[in-house]
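The values are calculated or read from the model by the stated rules, or taken from the named source; none is laboratory data. This structure is a prediction, so every number in the text was calculated from the model and none was measured. Cβ coordinates were reconstructed from backbone atoms using ideal geometry, including for glycine residues, and neighbour counts include every protein chain displayed. In case anyone asks, the SASA skips ligands and DNA or RNA and just uses the protein heavy atoms, side chains included. Shrake-Rupley method; radii C 1.70, N 1.55, O 1.52, S 1.80 Å.
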Amino acid sequence: MYRVYILLGSNLGDREQYLSDAVMELMDRLMPDYLEVASLAEAVNTSEVIETEPIGFSCPDKFLNQTFCCLTEYEPQQVLEICQEIETELGRVRTGAQYNEKGERIYQSRCIDIDILSMEKQNSEKWEAVVVDTPDLTIPHPQLKTRPFARDLYRVLKK
């Protein structure tokens, strides 16, 4: 069993609806049907929604951000694929990563962004951090420490 922590963001269209739809889809697709928990709060949790300035690009449209956590049976790569499927179904158009002349990534507005912040795997009675470093997935998320809003929302769920 895994515990996955995800950051949601939206700065286009009905931002609140995009976050809400993403949470519902994540719950539906990631959580196993058979979970034996005393309350749903043991299996899934969300943070408050906050508004933040875009990072890495200039844009008048602020982001709404929220963190989401749930239990899942899926391996990290499978979770990434599910997140990307949900983004596409909600209307996100991926153009591929673009970089400026300094090699810095160029970011742009999006209706929904779903990023895996971290994952833990249950081993016996304890949870251990999952580390992934592949060309298409890095866990923990490389910008987790440099984005205060993500770090703060993540801490809320880690308690």
Most to least accessible of Asp115, Asp33 (protein chains only, probe 1.4 Å): Asp33, Asp115
Using alpha-carbon coordinates, inclination of helix 148-158 to the longest axis of the chain, degrees: 10
Nearest 10 degrees, 0 to 90: helix 15-30 Cα axis against the chain principal axis: 40
Percent RCO, i.e. relative contact order, over the chain, from Cα pairs under 8 Å lying at least 6 residues apart: 33
Accessible heavy-atom area order of Thr134, Thr67, Thr88, highest first, probe of 1.4 Å: Thr88, Thr134, Thr67
Residue of Gly13, Gly56, Gly96 that the Gaussian network model of the chain assigns the largest fluctuation, springs spanning Cα pairs under 10 Å: Gly96
Assigned charges on the beta-carbon of Lys, Arg, Asp, Glu; the chain dipole about Cα centre (debye): 640
Solvent-accessible surface (1.4 angstrom probe) belonging to Lys126, in square angstrom, nearest 10: 120
Per-residue SASA entry for Met1, accessible area with 1.4 Å probe, Å² rounded to 10: 60
Range in the chain, longest, excluding exposed chymotrypsin sites (Phe, Trp or Tyr not before Pro) [loop by DSSP; at most 12 other beta-carbon atoms within 10 Å]: 58-159
Surrounding net charge for Leu90, when Lys and Arg each add one and Asp and Glu each subtract one, Cβ distance under 9 Å: -3
Cα-based equivalent ellipsoid of the chain: semi-axis lengths in Å, sorted from largest, via gyration tensor: 26, 18, 15
Around Val130: net Lys/Arg minus Asp/Glu count, Cβ-Cβ under 12 Å: -2
Surrounding net charge for Met27, when Lys and Arg each add one and Asp and Glu each subtract one, Cβ distance under 12 Å: -3
Theoretical FRET efficiency, 1/(1+(r/R0)^6), r = Cβ-Cβ of Val131 and Glu51, R0 35 Å, to 0.05: 0.65
Residue-level accessible surface for Ser47, protein heavy atoms, 1.4 Å, Å²: 10
On Cα atoms only, tilt of 76-89 relative to the major axis of the chain in degrees: 50
Sum of -39500 (n - 2.57) over DSSP H runs of 4+, divided by residues of the chain (222 nm, nearest 500): -8500 deg cm²/dmol
4 °C / 1.567 mPa s Stokes-Einstein diffusion coefficient of the stretch 97-159, Kirkwood radius on C-alpha pairs, µm²/s: 92
Number of Lys pairs (Cα under 25 Å; 8 or more positions apart or on different chains) in the chain: 10
